[in-house]
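Chemist: Below: one structure in structure tokens.
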Amino acid sequence: MPILSPVLNKDEIEAIVTGIAENISFDYRSKNLVLIGVLKGAFVFLADLIRHLTIDVEIDFIGAASYGAGTVSSEQVRITSDITIDVAGKDVLVVEDIVDTGLTLGFIRDHLAAKAPNSVRICALLDKHERRQENTHVDYVGHGVQEGFLVGYGLDHAERYRQLPAIYHLKSE
Ligand code: PRP
């Protein structure tokens, strides 16, 4: 039987998202910001984040899939769905639900940097340290966790639990 152990409740997430949105709104107050959500997990975080911004932004999405050792490592990453906005000369902020090994974000950052934006930075709600392989710098971090499989608020296990309004550590009994 799976057990859901609370990590962040709705109010804690709301406070984190509000704080990140304030920082982004200030840092990009005179920029042409394009927010790029990484499918699928980031869709809930991105949807909440943009409603707390006080600046105008463009929104796009990118899909990435990883090959490799399945559950333990994303050895190779490929783009499954590219952005459609022209980001040349604009400021890009990649929005992720979670950074784990860092390989997905590292690949996406390089992929987007090749499209000649003015800048590429990274925002992640959750920064998990235990399996980090690539030293991908995350510019805006919501909450750091050391370990565990997290679900809810967009994060899934086998496509389940994304709809939960809070974030949980999924454990098996
Ligand atoms: C998760 C998460 C990141 C990636 C992070 O996506 O949303 O994109 O894994 O892992 P990494 O740092 O080890 O590369 P997932 O592949 O589970 O797809 P999903 O967002 O569709 O759930």
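The values are calculated or read from the model by the stated rules, or taken from the named source; none is laboratory data. Small disclaimer: the values here were computed from a predicted structure and weren't measured. Here the Cβ positions follow ideal geometry from the backbone for every residue, glycine too, while neighbour counts run over all protein chains shown. Just the protein is used for accessible areas: all its heavy atoms, side chains included, with ligands, DNA and RNA removed. Shrake-Rupley method; radii C 1.70, N 1.55, O 1.52, S 1.80 Å.
Chemist: Could you check the simple spin-label distance between His137 and Ile85, using points 7 Å along Cα→Cβ, in nm with one decimal?
Modeler: Distance between label points: 2.3 nm.
Chemist: Among DSSP beta bridges whose residues both lie in region 54-140, state the antiparallel percentage, nearest 5.
Modeler: Working: 5 of 14 bridges.
Here the antiparallel bridges make up roughly 35 percent for region 54-140.
Chemist: Also, I was wondering about something else. With θ taken as phi - 60° and the coefficients 6.51, -1.76 and 1.60, list the Karplus ³J(HN,Hα) couplings across region 147-152 in order, rounded to whole Hz; mark glycine and proline as x.
Modeler: 7, x, 9, 9, 9, x
Chemist: Just round it to a whole percent: the fraction of Cα-Cα distances in region 29-173 exceeding 27 Å.
Modeler: On the way: 1856 of 10440 pairs.
For region 29-173, the share of Cα pairs beyond 27 Å comes to 18 percent.
Chemist: For Glu147, tell me the accessible area in Å² from a 1.4 Å probe, rounded to the nearest 10.
Modeler: Around 110 Å² of this residue is reachable by solvent.
Chemist: Okay, next question. Keeping all protein chains in position, work out how much accessible area Leu39 exposes to a 1.4 Å probe, and write it in Å² to the nearest 10.
Modeler: Surface open to solvent at Leu39 totals about 70 Å².
Chemist: Near the amide H of Val92, under 5 Å away, which other amide H atoms are found, from residues 5 or more places off or on another chain, if H is placed in the peptide plane?
Modeler: Under 5 Å from the amide H of Val92: Val34, Asn118, Ser119, Val120, Arg121.
Chemist: Placing +1 at every Lys and Arg Cβ and -1 at every Asp and Glu Cβ, with all other atoms neutral, what dipole size does region 62-160 have around its Cα centre, in debye to the nearest 20?
Modeler: Dipole of region 62-160, to the nearest 20 debye: 140 debye.
Chemist: Further, regarding this structure: How big is the gap, in Å, between the Cα center of region 130-173 and the Cα center of region 1-74?
Modeler: 12 Å
Chemist: Now, a different point. Could you check which residue among Val57, Val95, Val34 shows the biggest mean-square fluctuation in a GNM of the chain with a 10 Å Cα cutoff?
Modeler: Val57
Chemist: Once amide H atoms are built 1.01 Å from N in the peptide plane, which residues 5 or more positions from Gly148, or in another chain, come under 5 Å H to H?
Modeler: Under 5 Å from the amide H of Gly148: no residue qualifies.
Chemist: With every protein chain kept in place and ligands, DNA and RNA left out, what is the accessible area per residue of region 133-173? Probe 1.4 Å, answer in Å².
Modeler: That works out to 58 Å² for each residue.
Chemist: Between Phe43 and Ile55, what is the spin-label point distance in nm, taking each point 7 Å from the Cα along the Cα→C-beta axis?
Modeler: 2.7 nm
Chemist: What does the charge dipole of region 3-171 about its Cα centre add up to, to the nearest 20 debye, if the Cβ of each Lys and Arg holds +1 and the Cβ of each Asp and Glu holds -1?
Modeler: Details: 16 positive and 24 negative charges, 36 e Å.
Rounded to the nearest 20 debye, it is 180 debye.
Chemist: Note down the relative contact order for the chain as a percent, whole number, built from C-alpha pairs under 8 angstrom at least six residues apart. Write down the numbers at each step before the final one.
Modeler: Numbers: 354 pairs, mean separation 45.1, N = 173.
Rounded, it is 26 percent for the chain.
Chemist: Same structure again: For a quick check, take a GNM of the chain with Cα springs below 10 Å and name the residue from Asp97, Asp127, Asp48 with the largest mean-square fluctuation.
Modeler: Highest fluctuation of the listed residues: Asp48.
Chemist: List, in order, the whole-Hz ³J(HN,Hα) value for each residue of region 39-49 obtained from phi through the Karplus relation with A = 6.51, B = -1.76, C = 1.60 and θ = phi - 60°; use x for Gly and Pro.
Modeler: For region 39-49, the Karplus curve yields 6, 9, x, 7, 5, 6, 4, 4, 4, 6, 4 Hz.
Chemist: What order do Ser5, Ser172 take when sorted by accessible area (1.4 Å probe), most exposed first?
Modeler: In descending accessible area the options line up as Ser172, Ser5.
Chemist: Taking a 27 Å limit on the Cα-Cα distance, which of the listed pairs Lys128/Lys171; Lys40/Lys171; Lys10/Lys31 fall beyond it?
Modeler: Listed pairs above 27 Å: Lys10/Lys31.
Chemist: Additional query: Ignoring ligands, DNA and RNA, what percent of the accessible area of region 3-171 is carbon or sulfur (1.4 Å)?
Modeler: Working: 4040 of 8310 Å².
Carbon-and-sulfur percentage of accessible area, whole number: 49.
Chemist: Let me ask you something else. Antiparallel DSSP bridges in region 3-171: what percent, to the nearest 5?
Modeler: Of all bridge pairs located within region 3-171, approximately 35 percent are antiparallel.
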